[in-house]
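A quick write-up on the structure given underneath.
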Amino acid sequence: MTTFNTPTSKIPDAEHLYGQLLAQIRADLNPAQPPVIIGIHRGGAWLAARLHADLQLPEPCCTIDISFYRDDFASVGIRANVKTTDMPVELDGRAVILCDDILNSGRSARAALNEIFDFGRPSRVDLAVLFDRGGRELPFAARFVGGVAEFDVAYKLVLERDQAHRFCFRVPLRAN
């Protein structure tokens with residue numbers, strides 16, 4: 001495991017990590033029972049849409065906004081960029097791959113599971129993340145992971161897309 005702890009540390013190559021993540025999921029895919037892909041807005045939805053297209057899954061890609069399911073909703077309030085949850089697929093008894101861009105505390109994954117179960121009871125939910133930066137506060141682990149490194153808490157890891165929708169990371173200092 002590498003560590004990101006200074007401004008001179010090498011920023012992970014998001015496109016390379018995407019290729020690794022895609023290969024893991026493709027190797028595990030059961031064509032007879034394809035999973036439902038669900039992305040957490042924002043970066044997880046980007047990741048889910050790209051995985052869905054590259055895996056050529058038959059059903060629509062789903063997205064969720066966890067804003068109202070977060071455990072800090074009461075203290076933070078409604079965010080200005082609330083998105084729409086789009087769940088056009090029946091989840092009961094289905095395998096689900098829940099996509100998020102960065103796994104850190106596990107709080108987003110917890111909120112996403114709460115929302116998913118409002119739509120049905122999947123047979124299983126596997127978490128797929130482009131990058132696991134450590135810092136877990138809740139007992140969540142991703143089954144599919146593009147890359148892993150411990151990150152200094154002074155830095156954020158932000159997924160972005162360029163004009164061609166290729167992934168890249170930005171690593172700004174956190175505001176105090």
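The values are calculated or read from the model by the stated rules, or taken from the named source; none is laboratory data. Only a predicted model underlies this, so the values are computations on that prediction, with no experimental measurement involved. Ideal geometry is used to build each Cβ from the backbone, glycine not excepted, and the neighbour counts take in all protein chains shown.
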Quick check on segment 44-65: of everything there that is of a type in the set (D, E, K, R) and crowded, with 18+ Cβ neighbours inside 10 Å, which residue is modelled with the highest pLDDT? Arg50
Those residues of segment 144-176 which are in contact (Cβ under 8 Å) with a residue 40 or more places away in the chain and assigned to a loop (DSSP other than H, G, I, E, B), in sequence order: Asp152, Leu157, His165, Arg166, Val171
Filtered residues of segment 140-176 (kept if out of contact with any strand residue (DSSP E or B) (no Cβ under 8 Å at 6 or more places or on another chain) and at pLDDT 95 or above): Arg166
Here is a check on your reading of the model: is Leu130 modelled with pLDDT of 95 or more, part of a strand (DSSP E or B) and either of a type in the set (A, V, I, L, M) or loosely packed, with under 15 Cβ neighbours inside 10 Å (or both)? yes
Do the conditions hold for Arg170, that is, is it over 16 Å from Arg42 (Cα atoms) and of a type in the set (Lys, Arg)? no
For the structure I just gave you, tell me whether Gly93 is small (Gly, Ala, Ser), under 25 Å from Asp13 (Cα atoms), touching a residue at least 24 places away in the same chain (Cβ under 8 Å) and in a loop (DSSP other than H, G, I, E, B). no
Could we say that Lys83 is modelled with pLDDT under 95, within 21 Å of Cys168 (Cβ to Cβ) and among the charged types (D, E, K, R) here? no
Looking at Asp118, is it closer than 20 Å to Trp46 by Cα, modelled with pLDDT of 95 or more and of a type outside the set (Lys, Arg)? no
